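Just below is one structure, and these are the notes that go with it.
The values are calculated or read from the model by the stated rules, or taken from the named source; none is laboratory data. Predicted, not measured: the structure shown is a model, and the values here were computed from it. Cβ atoms come from the backbone with ideal geometry, glycine included; neighbour counts cover every protein chain shown. Quick note on the areas: whole protein, heavy atoms, side chains included, nothing else; ligands and nucleic acids left out. Shrake-Rupley method; radii C 1.70, N 1.55, O 1.52, S 1.80 Å.
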Amino acid sequence: RSSIKFTFTGASEAHLLAKEIGEAGIGVILAPSRPFPGTWESRRILPGPPLTEHNAVAVLHANHVTVGLGIEEQWDARNLRFAMGWTALEANGQLTKADALALGSANLEALLGFETENSDLVATKGGDILDFEGKVIAVISTSQGKVEFF
């Protein structure tokens, strides 16, 4: 007997089937992390506060779905930490700080099928990784075997 692992990407309407997705053990990578209804077909998004009580990540998380935040363009990867912070803020307390950090790290690795865990450490100054005040000053990378200072 074999099994298959599913991960939905994009999935701006996944909150509509959150219970079923959670029961099936399917993961979701939301891209963009803060959807905008730019077309008629995307009108069923869950934008989060102040328009709705919860955002899509909060609804999926409450239904035991592994959620990651994706990007649409390569340049947007540098803003992922801010997306994680906004997502946690818009979840109205349903996500812990660890949950928010996992959205752009451990959850993505699990959803994409990485076999080895990334154990890189990021040092910030003036705030933490999820807020606008924090500035990344160093990365300790065990996978690359080096320390980088910025």
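What is the percent carbon and sulfur in the accessible area of the chain, measuring with a 1.4 Å probe over the protein chains and ignoring ligands? It would help to have the intermediate numbers written out before the result.
Values: 5550 of 9740 Å².
Exposed carbon and sulfur together represent 57 percent of the surface.
Would you mind working out the magnitude of the charge dipole of the chain relative to its Cα centre, with +1 at each Lys and Arg C-beta and -1 at each Asp and Glu C-beta, to the nearest 20 Debye? Don't skip to the answer; put the middle values down first.
Values: 12 positive and 18 negative charges, 4 e Å.
It comes to approximately 20 debye.
Any idea how far the Cα center of segment 128-150 sits from the one of segment 41-96, in Å?
The distance from the Cα centre of segment 128-150 to that of segment 41-96 comes to 23 Å.
First select every other residue whose beta carbon is under 11 angstrom from the beta carbon of Ile26; then total the charges, Lys and Arg +1, Asp and Glu -1.
Values: positive: Lys5; negative: Glu20, Glu23.
Overall, the nearby charge balance is -1.
What number, rounded to the nearest 500 deg cm²/dmol, is the helix-based mean residue ellipticity at 222 nm of the chain, given -39500 (n - 2.57) per DSSP H run of at least four residues and division by all its residues? Please list the in-between numbers first.
On the way: 5 runs with 38 residues, N = 150.
Taking each H run of at least 4 residues, the total per residue is -6500 deg cm²/dmol.
Using the Karplus curve 6.51 cos²θ - 1.76 cosθ + 1.60 with θ = phi - 60°, work out ³J(HN,Hα) for each residue of segment 13-20 in order, rounded to whole Hz, and write x for Gly and Pro.
Karplus values, whole Hz, x for Gly and Pro: 10, 4, 4, 5, 10, 4, 4, 5.
Counting only heavy atoms of protein chains, what accessible area per residue, in Å², does the chain have with a probe of 1.4 Å? Working shown, then result.
Working: 9740 Å² over 150 residues.
Dividing the accessible area of the chain by its residue count gives 65 Å².
Excluding Ala110 itself, calculate the net charge of residues whose Cβ lies under 13 Å from the Cβ of Ala110, where each Lys or Arg counts +1 and each Asp or Glu counts -1. Walk me through the numbers before you get to the answer.
Working: positive: Lys5; negative: Glu109, Glu115, Glu117.
Local net charge: -2.
Using percent of Cα pairs over 24 Å apart as the read-out, say which of (i) 55; (ii) 35; (iii) 50 was calculated from these coordinates.
Step by step, percent of Cα pairs over 24 Å apart for this structure corresponds to label (ii).
Computed from the mean reciprocal separation of all distinct C-alpha pairs, what Kirkwood hydrodynamic radius does segment 1-60 have, in Å? Intermediate values should be presented prior to the final figure.
Numbers: mean 1/r = 0.0813 Å⁻¹.
Averaging 1/r across every pair of different Cα atoms and inverting gives 12.3 Å.
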